[in-house]
Amino acid sequence: MTTNIDPTVPDAARAVRVSRVHGEGDTTVRALDDVTIGFPRGRFTAVMGPSGSGKSTLLHCLAGLDAVTDGAVYLGDTELGSLSDRQLTRLRRDRIGFVFQAFNLLPTMTALENIVLPASLAGRRSDPAWLDRVVAAVGLEQRLQHRPGELSGGQQQRVAVARALVGRPEIVMADEPTGNLDSRAGAEVLALLRDAVDELGQTVLMVTHDPVAAGYADGVVFLADGRIADYMEAPTPDRVLDRMKAFDRVAAGAGARGE
Amino acid sequence: MLIRLSLANLWARKRRLVGLSLAVLLGTAFLSGALVLADTMSSSIGGLIRDSGAGTDVVVRNATAVTDRPGSQRGGIDAALVDRVRAVPGVAAAEPVIQGYGQVVGKDGKALTGNGPRTAGNWVPDPALTPYRLATGRAPAKSDEVVIDRATAKQGHLVPGDRVTVLTPGPVPVTIVGVATFGDEDAFGGGSYTAFDLEGARRYVQRDPGKVGTIAVRAAAGTDQKELAGRIQRALPADTQALPGKAATGEAVDAVEDGFLKVFRTFLTVFAAIALVVAAFSINHTFSVVAAQRTREVALMRALGASRGQVLRQALIEALLIGVVASAAGLAAGLGLAAGLKELFATIGFTLPARGLVFKAATALTVLPVGILVTAFAALVPALRGSRVAPVTALRGAGAEQARLPRRRLVAGLALLAAGLGMGIVGGGMVGLAVAAPAVLAGVLLVAPAGIRAAGGPLTALLPRLRGAPGALARGNLLRSPRRTAGAATAMLLGITIVTVFAVFAASLKEGSGAETRKVVAGQLVIGGSSPAGWAGGGHSPELTRRTAQIPGVETVSGLRNATSLVDGQSRQMLAVDSARLDRLFNLDVTGGRVTALGPAGMAVSKSAAKDRGWVLGSTTEVTFPDGARQRFTVTGLYDRTAIVGDYLIDRTAWESHADAALDAATVLRLAPGVATGTVKAEVQRIAKDYGAPPVRDREGFVAARAEMLQTLVAVVYVLLALALLIALGGIANTLSLAAHERTRELGLLRAIGAARAQVRSALRWESTLVAVIGAAAGLVVGLFLGWVAIRAIGGANTGAALPFAIPSVQLAVLVVVGAVGGLVAGARPAARAARLPVLRSISAE
């Protein structure tokens, strides 16, 4: 299935007929199977699917962390497959912001040092005004000199979001950013991402299995067995939950038939 | 069950297994190498000696031995005895053997010197009685024909037909007619051999037609060595001795074993011990790191019901398994190391007579238990600490290492440090050193983590500014666990401390000996006296000494001749000198009587030797010369300065009639007032050309040359200490790669958010460099202090001659740079590996 979420807006990131095959011979696993999808600028898109549906693999491929077996991945107009490791590294550093599920921060650095790490890796200084604005937005003014060990899980994720935003990347990719948080801390992080899109015009792509998290997005892409199964505009947690249940029924049915 | 779990554990964590094994292996390999090298030398030298005496059934020799130093000669025996021995029933052949000093001069007029005795003698025609075999040419037939050993021939590019000069020690022009091998070797160890015919050897080497050195006897078939020796003995005069061949070679082998080899073995063992101690700290630290990494694992086992004892036992079983396997590997690696060391020594001018490699069971029986025990002990403390992990830690997630530093540790460390410093400064002496060294070291090790926490931040503050993000990362990792950083630097600290103490010691010794030599030598010129072999081996003809005395402007001259004899029955090194104007040649700081004009029965003795023996002016003592003659000497003078001249001085005339070899080890010249040293020096050099051109130096040149003599020894010691540093660096590399392994996710995250491979590499390399620099800098400070205490202790023990405290700043600067660069190199591999980690797998790593 080919999905073009909003043809009127240029895509921040795009996958064209992408396949990703793990293993060889009998143990071959098709994590992505001929996926074509674009993620328009200035939108918050969630990617959902059951475990093993290929949602994390899609994110990794879009970020240049994983190489595709077939097809092409674009960040803006840049085709990632033709880039060297050095160029990919620079691309991640300068054009993508990351938020992972856990272990987002370096334990030896303060919150502030973590936030400006991509810039200092590039040998640049962060724009101070923008830095202040981002820090204020994530509400960490009083915590900048603390080390990750001295912060709560929610605070740590907010530091990670700040780090992702401070470089004004073309796209922020979040991999289960609320997976390790309780619902209140999770809500704070999701609200932050929502604000980033609404107020800063940021593009956000988020992989999640939590219908509540998906409810913060502008749209939800559903993956199943490495293929795009559905797309939902203006999702609410309930609708997402229903849609996911349908997947479970299909999966259960397949299991009952012994496949 | 535990053993199976231990095995499974080891196998599952191969990276750690390799890390731990490497730490043990490095330490044991050196011990094994040292033992193998010593055994190899022992067997090679023993083999050479046995080869040389293999066909000789009985040796007839002078009964008097003035020293049991290997290679030294006894007095000669009556040449007429040869016929008397030949007449004894059961003697198949008896050949006179002459051996003495003989130095071949190369075609360029320079003596062909080497790392062993320069001998000359007679060509023994009976192949059973000599180990030498003609390789090319023929045996000498005239008294000016010689056969030389193949090593010398190669060194001087000499072939039969060449005409050269042999100094015996007077110059003898000869024609080389043959080149011989010692068995199948080029020469006997590092020595050289020149064989005249019997006539030539008598004339030039023995210089007494009535005498020969020894008689080598071959027994008739079926005759017992011992029985024949007894039979020959009955035909000999009382001062002559017949010894069975086996006993003679045994004696020679024992002499080498007890002398040089014992020293060499002790020397190597000391360094092996140093290496092992450094390795033990390295092993201990590696185990600590691994124990910290395993905290959650252990906690889980405890939560599941494993007792503290079981956890401890499991850790110890793992340590033992590693100890056994790695020690065995170290044992094997030692073989290679021994071969490498041998080559390395040879390249810095310290050739060891060693062939093949000898591996004795005793080596395994030493290395294996030592390696296993050291491993077990090094693992004990981390294992104990590990077993105290609370089960709840498993559930809590983080908490690999406690970040807080116990105050107790700091207080104890500071107390030890203060006690050590105080004892070193106030206490002094050997006792002070013995207390100060361990106290200071232990104190520093205890205080180190707190020190790193307190001082590490400010000291590395510039790094992020200079090196950007990688610098900041390196700094953060360095400070994240001060205890671990201190642990990683410990081996380096120990290694550098030891090297620094030694460097200070060597520099002070050099300066002290230089100052003493400068004080004692009053003459302006010195000939010779600085060969690596020291007084015993080299020298020049007394004829040269006599001729230089004739040079206009020379006021007085004396040769210094080694006159080792028995003084009151004990072997003592004496010097025979021209004592008439000795006060003009040496400032001996005479404390009583006179040291000039000793005459035929006078002896000058150092104050300390006189005190030891209870002598005063006028005391008499009996001296037994190498030829067996005894004579009473009267102590006529006492002096204080013993540099160069030693403890006992007699006049040349009292010595000459009892010695076969007339060889001046050195000659000192005093010039008349107002005479230019340079002019006389040039003239002396011109004359010296006829005698193999021994070095002619002014006083400062002589001082420098004497200092050079220390240099080879110093170089050898540096090589051995460098190995200890290598072990320390290996430890740093090891823990760094363990750390990198532990931080896989961190590294993955870094790469994911845009750190280039080069930046990851750079951060880790900086980390290891900083660890090395911290260890090196601390070691330097501790080493300088302990070196200072040691120098003072030795100065105090040695009455009068206090050593100056000299800091070899260039060597020490090089040392720190080597340490830093070593840290960089040590970090290179782990850093490169970490940089190559696949990003995706790293972030999702457990």
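So here's what we get for this one:
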read-out	value
Answer from A:ARG147, A:ARG163, A:ARG95, A:ARG158 - the residue that is among the charged types (D, E, K, R) and away from chain B (no Cβ under 14 Å)	A:ARG158
Within segment B:428-481, considering residues that are closer than 23 Å to B:PHE281 by Cβ and among the basic types (Lys, Arg), the one surrounded by the fewest Cβ atoms within 10 Å (Cβ to Cβ)	B:ARG453
Test: residue in segment B:643-651 that is free of Cβ contacts under 8 Å to residues at least 60 places away in the same chain and outside the structural domain of B:ALA707 (by the TED database)	no
Flag if B:VAL124 is assigned to a loop (DSSP other than H, G, I, E, B), surrounded by fewer than 16 Cβ atoms within 10 Å (Cβ to Cβ) and not basic (Lys, Arg)	no
Number of the condition not met by A:ARG163 [criteria: (1) assigned to a helix (DSSP H, G or I); (2) surrounded by fewer than 24 Cβ atoms within 10 Å (Cβ to Cβ)]	(2)
Residues of segment B:454-477 satisfying the condition of being part of a helix (DSSP H, G or I), over 40 Å from the mean Cα position of the chain (by Cα) and more than 10 Å from chain A (Cβ to nearest Cβ)	B:ALA454, B:GLY457, B:PRO458, B:LEU462, B:LEU463, B:ARG465, B:LEU466, B:ARG467
Wholly within segment B:130-234, strands (runs of 3 or more DSSP E) carrying at least 2 residues that are farther than 26 Å from B:THR249 by Cα	B:132-137, B:145-149, B:163-167, B:171-182
Residue count, segment B:179-214 (criterion: modelled with pLDDT of 85 or more and in contact with a Leu (Cβ under 9 Å, 6 or more places away or on another chain))	6
Residue check, A:LEU205 modelled with pLDDT of 90 or more, surrounded by 14 or more Cβ atoms within 10 Å (Cβ to Cβ) and out of contact with any strand residue (DSSP E or B) (no Cβ under 6 Å at 6 or more places or on another chain)	no
Any hit, segment B:98-114, residues being out of contact with any helix residue (DSSP H, G or I) (no Cβ under 9 Å at 6 or more places or on another chain) and farther than 30 Å from B:ALA688 by Cα	no
Filter result (within 14 Å of another protein chain (Cβ to nearest Cβ) and among the basic types (Lys, Arg)) within segment B:478-513	B:ARG480, B:ARG484
Output for segment B:101-120, where each listed residue is assigned to a strand (DSSP E or B) and farther than 15 Å from B:VAL205 by Cα	B:VAL105, B:ALA111
Cβ pairs under 7 Å, 6+ apart, first in segment B:683-701 and of a type in the set (Lys, Arg), second surrounded by 17 or more Cβ atoms within 10 Å (Cβ to Cβ) and part of a helix (DSSP H, G or I)	B:ARG697/B:ALA705
Single residue of B:ASP627, B:ASP589, B:ASP578, B:ASP640 found to be on the phi > 0 side of the Ramachandran plot and touching a residue at least 24 places away in the same chain (Cβ under 8 Å)	B:ASP589
Residue satisfying all of: in segment A:112-128; within 10 Å of A:GLY167 (Cβ to Cβ) and free of Cβ contacts under 8 Å to residues at least 12 places away in the same chain; farthest from the other protein chains (Cβ to nearest Cβ) among these	A:ASP127
Where a residue in segment B:423-434 is assigned to a helix (DSSP H, G or I) and its partner, wherever it lies, is among the basic types (Lys, Arg), with Cβ under 9 Å and at least six apart	B:GLY424/B:ARG792; B:GLY429/B:ARG792; B:GLY432/B:ARG792; B:LEU433/B:ARG792
Test: residue in segment B:194-203 that is under 26 Å from B:ASP108 (Cβ atoms), in contact (Cβ under 8 Å) with a residue 24 or more places away in the chain and within 31 Å of the chain's Cα centre (by Cα)	yes
Strands (runs of 3 or more DSSP E) completely within segment B:569-688 that count 3 or more residues being closer than 26 Å to B:LEU167 by Cβ and touching a Leu at 6+ places or on another chain (Cβ under 9 Å)	B:574-577, B:648-651, B:666-671
Verdict on A:LEU62 being under 19 Å from A:GLY219 (Cβ atoms), within 14 Å of chain B (Cβ to nearest Cβ) and in contact with a strand residue (DSSP E or B) (Cβ under 6 Å, 6 or more places away or on another chain)	yes
Hits in segment B:87-112 - residues which are acidic (Asp, Glu) and out of contact with any Asp or Glu (no Cβ under 6 Å at 6 or more places or on another chain)	B:ASP108
Check on B:ARG751, surrounded by 17 or more Cβ atoms within 10 Å (Cβ to Cβ), basic (Lys, Arg), under 30 Å from B:GLY487 (Cα atoms) and more than 14 Å from chain A (Cβ to nearest Cβ)	no
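Yes/no per residue for (1) surrounded by 15 or more Cβ atoms within 10 Å (Cβ to Cβ); (2) farther than 13 Å from A:THR45 by Cα; (3) at pLDDT below 90:
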position: A:GLY167; (1), (2), (3): yes, yes, yes
position: A:MET173; (1), (2), (3): yes, no, no
position: A:LEU181; (1), (2), (3): yes, yes, yes
position: A:ALA191; (1), (2), (3): no, yes, no
position: A:ALA224; (1), (2), (3): yes, yes, yes
position: A:GLU233; (1), (2), (3): no, no, yes
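So that you can scan it fast, the table gives a plain yes or no per residue for (1) in contact with a Lys or Arg (Cβ under 6 Å, 6 or more places away or on another chain); (2) under 15 Å from B:VAL577 (Cβ atoms); (3) at pLDDT 90 or above:
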| residue | (1), (2), (3) |
| --- | --- |
| B:GLY593 | no, no, no |
| B:THR596 | no, yes, no |
| B:MET603 | no, yes, yes |
| B:SER608 | no, no, no |
| B:ASP612 | no, no, no |
| B:GLY618 | no, no, yes |
| B:GLY628 | no, no, no |
| B:GLN631 | no, no, yes |
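Okay, residues lined up against (1) within 9 Å of chain A (Cβ to nearest Cβ); (2) modelled with pLDDT under 85; (3) buried (at least 24 other Cβ atoms within 10 Å of the Cβ); (4) touching a helix residue (DSSP H, G or I) at 6+ places or on another chain (Cβ under 6 Å):
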{"residue": "B:HIS741", "(1), (2), (3), (4)": "no, yes, no, yes"}
{"residue": "B:LEU770", "(1), (2), (3), (4)": "no, no, yes, yes"}
{"residue": "B:ALA776", "(1), (2), (3), (4)": "no, no, yes, yes"}
{"residue": "B:TRP788", "(1), (2), (3), (4)": "no, no, no, no"}
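The values are calculated or read from the model by the stated rules, or taken from the named source; none is laboratory data. Keep in mind it's a predicted model, so treat the numbers as computed, not measured. Heads up, the Cβs are rebuilt from the backbone with ideal geometry, glycines too, and the neighbour counts pull from every protein chain shown.
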